[in-house]
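Enquirer: Quick one: this structure, given as C-alpha cells, is what I'll be asking you about.
No lab work stands behind these numbers, since they all come straight from the coordinates. In this text, all values refer to a predicted model and were calculated from it rather than measured experimentally. Ideal geometry is used to build each Cβ from the backbone, glycine not excepted, and the neighbour counts take in all protein chains shown.
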Amino acid sequence: MPWTINDAKNQSGRLAIVTGANIGLGFDTALALAGKGCAVILACRSADKAKAARQQILAAHPKATVECMTLDLSSLKSVRAFAMAFKKKHKTLDLLINNAGIMMPPYSLSEDGFESQLAANYLGHFVLTAELLPLLNATSGARVVSLSSLAHRWGGIRFDDPNFTQGYNKRSAYGQSKLACLMFAYELDRRLRAAGSTTLSVAAHPGVAATNLAQHFPKALGVFFPLVGQSTAMGAMPTLYAALGDDIEGGDYCGPRSLQQMRGDPVKVGSNRASRNVSDAKKLWALSEQLTGTTFVV
C-alpha cells in the first residue's frame, strides 16, 4: 500500500519550520503538518503572504498552532536574523523543511553576490541548517528535509564558477542548485552519522508538480507544465513521507513512484552518480562554508 498522510502518527507536541510555506509545495506541506497536530512556523519572504497562508491553514484546522516569521533565503543577513529570533523563542526543533526555491529566473545576483538560484535554493538553506542544527540535535527524532528536483540530473557543480559569471544558463544554474541541495543532504547525513547524532538528514523531490515555479518558463511550456504535472498536494507527499514516514532512514531520497518519478505516490527513489560523489560533496561543503563565511559544526 502506498504511504499517505493518514499513515503518519499524530504530531502534537512537535515543531516544524517550513521555508517558502505561503504557496505551492510549502503551503501544502505546512497544511498537512498542521492537520496532524504539528506546530508550524511559516518561514516566508513576504509577511503579508505568510499571514494570508496562516489564515487559510487555520480555516482548515482551527486548533492548529501556526506562526509566521520573515525569512529571505537569498539574504544571509535575513537567514541569520531569522535563526537568532527563532532560537530566542525555542530550544528544540523537530523538523526543518528546506523547501523554498526559485526556478530559472533571469540572471541576477543576491545581495551577497551569489547567483540567485544558488543563493535562494541552496546556500541560504545551508546556513539556516548550520544555525539551527544545535536545536535539531537537542531534539529526539529530529529530521532535516532538503528539497531537490529531477533537475539535479541537468548538470554538475561549477566549482570554478558557481555564480555563472562567465555566461549564464538558467537551466544549468537551476540544475546546479538542486544537485547541491541533494549532495548536501547526503553529506550532512554522513557527518551526522559519524558524529553519533540521532538527527536524520533526508531529501525529497515533488516530481513534476503544477506550482508557481513555472512562472519563468517559455509560454508554450508554461501551458504544458500544468497538464503534465500533478497537484501541489501530491507534489508535497514525498516531502511529508521524508519528514514523517516510520521507515525513513538517514540519507533516504523520496519522490513519486510513477512515470520516471514525475508523478504518483511517494516512495524512496534513487539519484544520479554525481549526487553521490563523496569527494565532490566534501568539496561542495568546503566551498559553501567559504562562500557564506559559515563554520558548519555537526
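Enquirer: Which value in deg cm²/dmol, rounded to the nearest 500, describes the helix-derived mean residue ellipticity at 222 nm for the chain, given -39,500 (n - 2.57) per DSSP H run of n ≥ 4 and division by the residue count?
Expert: -12500 deg cm²/dmol
Enquirer: Let a ≥ b ≥ c be the square roots of the eigenvalues of the Cα gyration tensor of region 248-298; is it rounded (a/c under 1.5), or, if not, prolate (a/b larger than b/c) or oblate?
Expert: Verdict is prolate for region 248-298.
Enquirer: Take the chain, connect every pair of alpha-carbon atoms lying under 10 Å apart with a spring to form a Gaussian network, then pick out the residue of 121, 277, 98 with the largest mean-square fluctuation.
Expert: In the Gaussian network model the winner is 277.
Enquirer: Counting Lys +1, Arg +1, Asp -1, Glu -1, what net charge surrounds residue 282 among other residues with beta carbon under 12 Å of its beta carbon?
Expert: With Lys, Arg at +1 and Asp, Glu at -1, the neighbours total 0.
Enquirer: Can you give me the long-range amide H partners of residue 230? Hydrogens built in the peptide plane at 1.01 Å from N, cutoff under 5 Å, separation of 5 or more residues or another chain.
Expert: 208, 209, 210
Enquirer: Now for a different question. Might you report the magnitude of the Cβ-based charge dipole of region 5-292 about its Cα centre, with Lys and Arg at +1 and Asp and Glu at -1, to the nearest 20 debye?
Expert: With Lys and Arg at +1 and Asp and Glu at -1, about 200 debye.
Enquirer: Right, here's the next one. In a Gaussian network model over the chain where Cα atoms closer than 10 Å are linked, find which of 270, 251, 35 has the largest mean-square fluctuation.
Expert: Highest fluctuation of the listed residues: 270.
Enquirer: Rounded to whole Å, give me the distance from the Cα center of region 22-67 to that of region 260-293.
Expert: 28
Enquirer: Moving on. Which net charge results when you count Lys and Arg as +1 and Asp and Glu as -1 among the other residues whose beta-carbon is under 13 Å from that of residue 98?
Expert: Result for the local shell: +1.
Enquirer: If you work out Kirkwood radius over Cα pairs in Å from the coordinates, which of (1) 22.1; (2) 19.7; (3) 18.8 do you get?
Expert: (3)
Enquirer: For the chain, set up a Gaussian network in which alpha carbons nearer than 10 Å are linked by springs, and say which option among 27, 86, 159 fluctuates the most.
Expert: Taking springs between Cα atoms under 10 Å, the residue moving most is 159.
Enquirer: So, how do all the Cα-to-Cα distances of region 1-61 break down into 10 Å bins, in percent, from 0 on up?
Expert: Per 10 Å bin, starting at zero, the Cα-Cα P(r) for region 1-61 comes out as 24, 53, 20, 3 percent.
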